[in-house]
Amino acid sequence: MARLRDQYFNDVRPQLLEKLGLANDNALPRLEKITVSCGVGDAKDNKKLLENAVGILERVTGQKAVKTRARKSIAQFRLRAGMLVGARVTLRGERMYEFLDRLINVVTPRIRDFRGLKRKLDGHGNYNMGLAEQTVFPEVDGDLLETVQGMNIAMTIRSQSDDHSIALLEAYNFPFRREEATVG
């Protein structure tokens, strides 16, 4: 079993029941899935860039990536609906917890000038973050990359509110930015 999954069932659930004042285990916030995606805008001109992005996502997540297509045509970008423009991986279960563990303990400390992540959620209890480059993952060899790309990480959390989701992420020791007291 993944370390964070064990931590959720053994430590986090009882702690959240007390902190949030909930009586039922099913009312607790729960991480449902993590979606890691990478958009490749130049894929319409160079198909090799899309293959590199797919390979990197597969190495980072340990799961097969799916190529994504453009939904709309945008004339300014010379983009037609249906063109391949990115890749994504949806993680659930063991792989999701292992990825989250590596994200918290290995990847975020390797981000240059890292001061913490923002506490901003989307209003439905889900957390989204972006990485400017993939080289922060130890699985990615920066010397072999043709271009540096970013990636998006979306955590879908089943919860009643943003506050409950933040309480869950804090229980996992998510590296949020410290709120500094303003002197006035």
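A residue that is at pLDDT 85 or above, within 14 Å of Y97 (Cβ to Cβ), touching a strand residue (DSSP E or B) at 6+ places or on another chain (Cβ under 7 Å) and not hydrophobic (A, V, I, L, M, F, W, C) occurs somewhere in the stretch 11-31. Looking only at residues in the stretch 28-48 that are more than 22 Å from G130 (Cα to Cα) and buried (at least 16 other Cβ atoms within 10 Å of the Cβ), the one that is nearest to the chain's Cα centre (by Cα) is P29. Within the stretch 99-145, if we keep just the residues that are touching a Ser or Thr at 6+ places or on another chain (Cβ under 9 Å), buried (at least 16 other Cβ atoms within 10 Å of the Cβ) and of a type in the set (F, W, Y), the residue that is nearest to F176 (Cα to Cα) turns out to be Y127. Is it the case that G86 is modelled with pLDDT under 85 and surrounded by 15 or more Cβ atoms within 10 Å (Cβ to Cβ)? It is true that G86 is modelled with pLDDT under 85 and surrounded by 15 or more Cβ atoms within 10 Å (Cβ to Cβ). Scanning the stretch 118-160 for residues that are among the hydroxyl-bearing types (S, T, Y) and modelled with pLDDT under 85 returns T135, T147.
Scanning the stretch 96-146 for residues that are in contact with a strand residue (DSSP E or B) (Cβ under 7 Å, 6 or more places away or on another chain), charged (D, E, K, R) and under 15 Å from Y172 (Cα atoms) returns a single hit, R119. Here is a check on your reading of the model: is E51 without any contact (Cβ under 8 Å) to a residue 12 or more places away in the chain and within 21 Å of the chain's Cα centre (by Cα)? Considered against the rule, which asks whether it is without any contact (Cβ under 8 Å) to a residue 12 or more places away in the chain and within 21 Å of the chain's Cα centre (by Cα), E51 comes out as yes.
Among the residues of the stretch 4-17, none qualifies, meaning not one is surrounded by 13 or more Cβ atoms within 10 Å (Cβ to Cβ) and not in a helix (DSSP H, G or I).
The values are calculated or read from the model by the stated rules, or taken from the named source; none is laboratory data. No experiment lies behind these values; they were computed from the predicted model shown. Here the Cβ is made from the backbone with ideal geometry for all residues, glycine too, and neighbour counts use every protein chain on show.
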